[in-house]
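Asks: One structure coming up, written as structure tokens, with questions to follow.
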Amino acid sequence: MTTTLRRLVEMLSAGFSNQHQAFENPPLYAHILVAFRPVPQLGEGALLLEQSYAFAPNQPYRIRILRAEAAPDGSVRIDNHALVEEKRFWGAVEDPQRMATIQSADLRLLKGCSYVVRQQGEGFVGEVEPGCGCLVERKGSVAYLVSSFELDPSEMRTIDRGHDPETHQQLWGSLAGPFEFQRIHDYSAEIPSDWFTA
């Protein structure tokens, strides 16, 4: 794993909350919890992502396996995988025994939904690969995802928006600017040491 990739995985391996933002402006921002935790059995760079409303932390509305890897051109990508029968794994980010049961056969690559990541300052920025190919179903309609994040040692900012595949009109997502998440847990000590061997 390259030094850049290692720093990205270490910085992502954390829990985040936008409590401050949500309490300051509740009409525009729900209180959301996001956690990324290393999944050793899935190999180098694999992280379990759970994103949930704070009032229902064990019922994530987004659960994914992310795999961060160096691309041949030297850039960094984060591939997005759905979990088959995902409800089996709800809450696994806080339950190491259940997380240990996730296997490669449980993953389904989400085509067109990889993030292209680059360094910026002390952190990283990333966005879904171009091409309008990351299709997601929400509230009974299909949209393509436009998503980006900024990550630094203390916080993460994200924007997720869904657009109509034909008209490109925004159907859902942030209207008031990015969600601003503060780091509240650090899981980087759980990264297997052999992930960083040459």
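Asks: Just want the answer: with Cβ charges of +1 for Lys and Arg and -1 for Asp and Glu, which residue in G140, T3, V125 is farthest toward the dipole's positive end in the chain?
Replies: After comparing all options, I get G140.
Asks: Quick one: 3J(HN,Hα) in Hz for the stretch 110-120, Karplus 6.51/-1.76/1.60 with θ = phi - 60°, rounded, Gly and Pro as x.
Replies: Once θ is set to phi - 60°, the couplings for the stretch 110-120 become 8, 5, x, 10, 6, 9, 9, 10, 9, 6, 8 Hz.
Asks: Express in whole angstrom the spacing between the alpha-carbon centres of the stretch 29-52 and the stretch 98-160.
Replies: Cα centres, the stretch 29-52 to the stretch 98-160: 11 Å.
Asks: Report Rg (one decimal) and Dmax (nearest whole number) for the stretch 42-129, counting Cα atoms only, units Å.
Replies: 14.0, 42
Asks: Now, a different point. Expressed as a whole percentage, what fraction of the accessible surface of the chain belongs to carbon and sulfur atoms when a 1.4 Å probe is rolled over the protein heavy atoms?
Replies: 51 percent
Asks: Per-residue ellipticity at 222 nm for the chain, helices alone: DSSP H runs ≥ 4 residues times -39500 (n - 2.57), over residue total, nearest 500 deg cm²/dmol?
Replies: Value at 222 nm, helices only: -2500 deg cm²/dmol.
Asks: In whole Hz, what ³J(HN,Hα) sequence does the stretch 28-36 give by Karplus (6.51, -1.76, 1.60; θ = phi - 60°), x for Gly and Pro?
Replies: Listing the rounded values in order: 9, 9, 6, 7, 10, 10, 10, 9, 10 Hz.
Asks: Which order, highest average first, do 176-183, 101-108, 44-51 follow once you tally other Cβ atoms within 10 Å for each residue and take the mean per peptide?
Replies: Peptide ranking by packing, descending: 44-51, 176-183, 101-108.
Asks: Which cysteines in the chain lack any other cysteine whose Cβ sits under 4.7 Å from their own Cβ?
Replies: Unpaired cysteines in the chain: C132.
Asks: What ranking, highest mean first, results for peptides 89-100, 58-69 when packing means the other Cβ atoms within 10 Å averaged over each residue?
Replies: The packing order, highest mean first, is 58-69, 89-100.
Asks: Something else about it: If a/c stays under 1.5 just call it rounded; otherwise compare a/b with b/c (prolate if a/b is bigger, oblate if not). Do that for the chain, with a ≥ b ≥ c from the square roots of the Cα gyration tensor eigenvalues.
Replies: Numbers: a/c = 1.30, a/b = 1.23, b/c = 1.05.
Verdict is rounded for the chain.
Asks: Residue farthest toward the positive end of the dipole of the stretch 41-104, with Cβ of Lys/Arg at +1 and Asp/Glu at -1: which of M99, A56, H81?
Replies: A56
Asks: Further question: With the contact rule set at Cα under 8 Å and sequence spacing of 6 or more, what percent relative contact order holds for the stretch 110-198?
Replies: 19 percent
Asks: So who's got an amide H within less than 5 Å of the one on A54, skipping anything under 5 residues away but keeping other chains? H placed 1.01 Å off N, in plane.
Replies: H31, I32, L33
Asks: Let me ask something additional. Rolling a 1.4 angstrom probe over the protein heavy atoms, how many square angstrom per residue are accessible across the chain?
Replies: Heavy-atom SASA per residue in the chain reads 53 Å².
Asks: Whole-Hz Karplus ³J(HN,Hα) for the stretch 156-162, in order, using 6.51 cos²θ - 1.76 cosθ + 1.60 and θ = phi - 60°, x for Gly and Pro?
Replies: 9, 10, 9, 9, 10, 9, x
The values are calculated or read from the model by the stated rules, or taken from the named source; none is laboratory data. These figures come from a predicted structure and were not determined experimentally. Positions of Cβ are backbone-derived with ideal geometry, glycine not excepted, and every protein chain shown enters the neighbour counts. Note: areas computed on protein heavy atoms with side chains; ligands, DNA, RNA excluded. Shrake-Rupley method; radii C 1.70, N 1.55, O 1.52, S 1.80 Å.
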